[in-house]
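Each reported figure results from applying straightforward, stated rules to the coordinates on display, with no laboratory input. Given the structure is predicted, the values throughout are model-derived calculations rather than measurements. As a convention, Cβ positions derive from the backbone with ideal geometry for all residues, glycine included, and neighbour counts pool all protein chains shown.
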Amino acid sequence: FSDWDDIPPSSALEVISEEEAVQIIAEPLLPIQSSTLRDYVDHSETLAKLVHLGVDLSQVEKRQKAGQLLLTLDFEKDVKKILLFLKDVGVEDNQLGPFLTKNPYILGEDLEALETRVAYLKSKKFGKSEIAQMVSRAPYLLLFSVERLDNRLGFFKNELGLSVKKTKDLVIRLPRLLTGKIEPVKENLQVCQIELGFQRNEIQQIVCKTPKILTASKKRLKQTFDYLHNIMGIPHHMLTRFPQVFNSKLLRIRERHMFLAFLGRAQYDPAQPSYISLDQLVSLPDEVFCTEIAKASMQDFENFLKTL
Amino acid sequence: QRGLALGTPATGGSPGQAPRTGSITVSVAVRGPRFRKLKIGAGHRLDVKASGVFVLGIGHGNKLLTDLYNCHLTKVYTVGGLFGKATDDFSDTGNLVEKTTFDHITREKLERILAVIQGTNQKALLMYSNIDMKTQEAYELAVKGLIRPMGKSPPIITAIRCLQFALPEFQLEIHCLHETQQYLRKVVHEIGLELKSSAVCTQVRRTRDGVFTVDDALPRTQWNLRSIQEAIRNCQLKVETELEKTLA
């Protein structure tokens, strides 16, 4: 044979020596289809590096098409620049893992689009740390187009009748308002106005102090209000002063109120002596509530609870 | 060796740990949490409007629950009632059916009705226990308090008395077997009728389920691993004792 091309290729059925056979490494093939990323994680640089960042793949693979997306991405070409972008926006290093677990889709976004959206927020005078906070707490925020973000901000400003500054403060405190559904928020506002009977300015005050009321369950809101207003006798203006009471568990409010009523200490009118504020009623831990407010022991409280 | 040296340390592992040789599929971040199921069973039912002692079993405790169920032990309830109205579901939150006067009701009259109820139930108890009261065997069992229906039976009240009486409110203590809380509410309704008035049930609270009492029960503030473990330990002896007694 004078030329390499003239050498015929070896036949697969050709007999080979023992030494040659031992040297062949035949790893099992990667499955073409799988329902879990577990099968691919040892062979994908992208997946392995994400795990090391703190991404929980067992959660990611539950999301629609997220696992598929991650497998098609190349770490050096696609993923790295998004990670650097997120760090630049201000997402903390130890938050990257949890962030990507909730929103793996951002790794497939166009970098320019993401930068345009951040630029929009800056143009609305949101500060760098504020943007970082919003992005970290509402991981889907930067998936929304500028137009959609703008509409959302406009909605809150108009529906609530708030100033530009107050609207910004609202979404900084609860950035979920920008990414969540809008219908439930509208319904909650209706409930506050029509069913609970709060005035518009009272609703403004409540929303600015406890934004969560806009995303709370309507049923819970109504039940809590019913107990506070109709059974405990708390008037609207007091509820406007202490709206955090709506975030509290109804069970806690009921048990503590009944205990105070049992002891003859259920006094919620600031004009009267031995006044107990709603804030003290719900936010103090059990031990402090018992000793300071109810002036009884934890044991007394537990014994009372067993009689309910 | 797959050298995955990155600047940021993983949140799960400790910094400074050398990357593992071989597969990383074993990490929790890939597989998810290790334990997903705990076998928990519930004892005698307690409906939504009722409160009180509710027994749960974990793991082997589920078998003990079944054994205890087959002991047919009594349960004790504190039942609150209110004279003056009747509702469609016998409770104070039901739809009003009628309103009546109640000033003619006295504690003595109420206690007389309770005595009648106890009497009729005593007869039912003996009937369903399949015991001939004239035998020595029956006497011995009665002394030990072991006369109980050991199979299915309709609800039976083994004791009923008045704890408090302040018109229109009253409170009863009821010892019973094979009951439902709704049955107890019906009893309140029927007491109202017997007293030529009407009554609704305002509270049904179980204070004892077999060997388990309110003192054994954990309030919500103690629903944590340590308290639960302690509670299981504290009740172990009396559960064993009761099972031995009945199986003997």
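Computed over chain A with a Gaussian network model linking Cα atoms closer than 10 Å, the most mobile of A:SER217, A:SER11, A:SER248 is A:SER11. A:THR291 to B:THR213: FRET efficiency via 1/(1 + (r/R0)^6), r the Cβ-Cβ distance, R0 25 Å, to the nearest 0.05? The formula returns an efficiency of 0.35 here. Could you work out the relative contact order of chain A, using alpha carbon pairs under 8 angstrom and six or more residues apart, expressed as a whole percent? It comes to 9 percent, rounded to a whole number.
For the stretch A:93-144, trypsin sites (Lys or Arg not before Pro) are listed when DSSP marks them as loop and at most 15 other Cβ atoms sit within 10 Å of their Cβ; the list is A:LYS124, A:LYS125. Of all DSSP beta bridges confined to the stretch B:40-247, the antiparallel ones make up roughly 90%. One equal scatterer on each Cα of the stretch A:35-107, no solvent, Debye formula: the resulting log10 I(q)/I(0) at q = 0.17, 0.22, 0.25 Å⁻¹ is -0.55, -0.95, -1.24.
Couplings 3J(HN,Hα) of the stretch B:41-56, computed from phi: x, 10, x, 4, 5, 9, 6, 4, 7, 8, 9, x, 5, 9, 9, 10 Hz, in residue order, whole Hz [Karplus 6.51 cos²θ - 1.76 cosθ + 1.60, θ = phi - 60°; x for Gly and Pro].
Mean sequence separation of contacting Cα pairs (under 8 Å, at least six apart), scaled by the length of the stretch A:35-107, corresponds to a relative contact order of 40 percent.
Look at the alpha carbon pairs under 8 Å that are at least 6 residues apart: their mean separation over the length of the stretch B:69-160 gives a relative contact order of 30 percent. With contributions of -39500 (n - 2.57) from each DSSP H run of at least four residues, the per-residue ellipticity at 222 nm computed over the protein assembly as shown stands at -12500 deg cm²/dmol.
The Cβ shell under 14 Å around B:LYS85 holds other residues with a net charge of -3, Lys and Arg each +1, Asp and Glu each -1.
Any idea how far the Cα center of the stretch B:116-191 sits from the one of the stretch A:157-174, in Å? Centre-to-centre distance over Cα atoms comes out at 65 Å.
A simple charge model with +1 on the Cβ of Lys and Arg, -1 on the Cβ of Asp and Glu and nothing else charged puts the dipole of the protein assembly as shown at about 2500 debye relative to its Cα centre.
Rounded to the nearest 20 debye, the dipole size of the stretch A:1-107 about its Cα centre is 1260 debye, using +1 on the Cβ of Lys and Arg and -1 on the Cβ of Asp and Glu.
In order along the stretch A:185-192, the phi-based Karplus estimate (6.51 cos²θ - 1.76 cosθ + 1.60, θ = phi - 60°) of 3J(HN,Hα) comes to 5, 4, 5, 4, 5, 4, 4, 4 Hz; Gly and Pro are listed as x.
Size descriptors for the protein assembly as shown, from the alpha-carbon set: Rg then Dmax equal 34.3, 127 Å.
Rg/Rh for the stretch B:40-247 stands at 1.01; both radii use Cα atoms, and Rh follows the Kirkwood definition.
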